[in-house]
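Asks: This structure is in structure tokens; I'll ask about it shortly.
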Amino acid sequence: MSKHVYIITGASSGLGAALSRLLLSEEILVFSLSRTENKEIQQLAHELKANYHFIAADLTQVERLDATLREIVESFDPSTVETVTLINNAATVNPIKPIQACSPDEIMTSIQLNLTAPILLTSCFIKETANWAAKRSIVNISSGSGQYPARSMSMYCSSKAALNMFTKCVAMEQNKKANPVHVFTIDPGMMNTGMQQLARESDFELSTYFMKQKEEGNLAEPEAVAQNILLELSRLTNRPID
Ligand SMILES: NC(=O)c1ccc[n+]([C@@H]2O[C@H](COP(=O)([O-])OP(=O)(O)OC[C@H]3O[C@@H](n4cnc5c(N)ncnc54)[C@H](OP(=O)(O)O)[C@@H]3O)[C@@H](O)[C@H]2O)c1
């Protein structure tokens, strides 16, 4: 039975895919949630006999999330698990336009994916693992945009700012508990992913800034960022690195 369990949202591409790839092993149980499956990771997992499970989920269908997380945590025996980690990574930078040009659907999708989903998954994770002896952690992937306002990015910036505040509040709720859930945000910095490409190719004033970042080599590769996140996680939770 795996001693370490990771539940990662948005693991089909970018940072989430890089995290999943690094964690592929027989000893680590990985649940990867996204709408589409990353066939290359699935193949690699098969070759390495890794304990990797893809779960097709549209995280904007927020009414399903509680049941999805419950099904995941009920699918293994917690008594043998030493660490269990939820990484809320999935997000969208869309809509990239002034707020009056955003449709109600675009606004709701952004909030559901970037904020409601991580909140619901956090709540359910803490509730469902309440009596576990395992070290429990939640990493909410944040962004510099949660601190710096930008025109045409009001939904992304404000959802990340709210996620930062949510995380601080829950961390306070946990810090007096006997076996607290370690809850924190990590800002991965600018990375060479599909999200960056979308920002570069969108028609708004910051697209030239994002193009310049790519041209000047300022985008980190998601694999390097994923490695640092796992190191940071082990440092913050005092867990051994296998
Ligand atoms: N890239 C950057 O420069 C940068 C900078 C700062 C912070 N971040 C943060 O880092 C995290 C990862 O970003 P990234 O650049 O790796 O993004 P990305 O390459 O665009 O990947 C986004 C992931 O989210 C999933 N996703 C999107 N909509 C979904 C939905 N409705 N339901 C379920 N999954 C969904 C996608 O999978 P499917 O399409 O298969 O569903 C994909 O796996 C995000 O939280 C982002 O805000 C990124």
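Asks: Among ASN179, ILE119, ILE8, whose Cα sits farthest toward the positive end of the charge dipole of the chain (+1 at Cβ of Lys/Arg, -1 at Cβ of Asp/Glu, about the Cα centre)?
Replies: Checked the options; the winner is ASN179.
Asks: Give the accessible surface of the chain per residue, rounded to a whole number of Å², with probe radius 1.4 Å and ligands, DNA and RNA excluded.
Replies: 50
Asks: Let me know the shape class of the range 36-117, please: from the alpha-carbon gyration tensor, a ≥ b ≥ c as square roots of the eigenvalues, rounded when a/c is under 1.5, otherwise prolate if a/b is greater than b/c, or oblate.
Replies: Judged from the Cα gyration tensor, the range 36-117 comes out prolate (a/c at least 1.5, a/b above b/c).
Asks: If you don't mind, there's one more thing I want to ask. Once amide H atoms are built 1.01 Å from N in the peptide plane, which residues 5 or more positions from MET191, or in another chain, come under 5 Å H to H?
Replies: Placed amide hydrogens put ALA220 under 5 Å from MET191.
Asks: I would also like to ask the following. Checking the cross-link filter: which lysines have an alpha carbon closer than 17 Å to that of LYS49, excluding same-chain neighbours under 8 positions apart?
Replies: Once the sequence-local lysines are set aside, what remains near LYS49 is LYS3, LYS39.
Asks: Express the carbon and sulfur contribution to the solvent-accessible surface of the chain as a percent, rounded to the nearest whole number, probe 1.4 angstrom.
Replies: Answer for the chain is 52 percent, counting heavy atoms of protein chains only.
Asks: Counting other Cβ atoms within 10 Å, which trypsin sites (Lys or Arg not before Pro) in the range 39-121 have at most 15 and lie in a DSSP loop?
Replies: Hits after loop and neighbour filter: LYS49.
Asks: When a/c is below 1.5 the answer is rounded, else prolate if a/b is larger than b/c, else oblate, so apply that to the range 189-242 with a ≥ b ≥ c taken from the square roots of the Cα gyration tensor eigenvalues.
Replies: Verdict is prolate for the range 189-242.
Asks: Right, next: To the nearest 10 degrees, how steep is helix 154-174 against the longest Cα principal axis of the chain, on a 0 to 90 scale?
Replies: It is inclined by approximately 30 degrees.
Asks: Which lysines, on any chain, are close to LYS160 with Cα under 19 Å apart, when same-chain ones fewer than 8 places away are left out?
Replies: LYS97, LYS168
Asks: What is the log10 of I(q)/I(0) for the chain, computed with the Debye formula using one identical point scatterer on each Cα and no solvent, at q = 0.10, 0.12, 0.13, 0.16 Å⁻¹?
Replies: -0.46, -0.67, -0.79, -1.20
Asks: Could you give me the ³J(HN,Hα) list for the range 13-30, computed from phi with Karplus coefficients 6.51, -1.76, 1.60 and θ = phi - 60°, whole Hz, x at Gly and Pro?
Replies: Residue by residue, the range 13-30 yields 8, x, 4, x, 5, 5, 4, 4, 4, 5, 8, 4, 5, 5, 7, 10, 9, 10 Hz.
Asks: Among GLN42, GLN100, GLN213, which one shows the biggest mean-square fluctuation in a GNM of the chain, springs joining Cα atoms closer than 10 Å?
Replies: Fluctuation is largest for GLN100.
Asks: Further question on the same structure: So what's the angle, to the nearest 10 degrees on a 0 to 90 scale, between helix 117-128 and the longest Cα principal axis of the chain?
Replies: 10
Asks: Could you pull out every residue, at least 5 positions away or on a different chain, whose amide H is within less than 5 Å of the one on ILE7? Hs are placed 1.01 Å off N in the peptide plane, and Pro or chain starts have none.
Replies: PHE31, THR85, LEU86, ILE87
Asks: Can I ask one more? In debye, nearest 20, what is the charge dipole magnitude of the chain about its Cα centre with +1 on Lys and Arg Cβ and -1 on Asp and Glu Cβ, if you could check?
Replies: 620
The values are calculated or read from the model by the stated rules, or taken from the named source; none is laboratory data. Just so you know, these numbers come straight off a predicted model, no measurement behind them. Reconstructed Cβ throughout: ideal geometry from the backbone, glycine too, with neighbour counts over all protein chains shown. Protein only, heavy atoms only, side chains kept; ligands, DNA and RNA dropped before computing areas. Shrake-Rupley method; radii C 1.70, N 1.55, O 1.52, S 1.80 Å.
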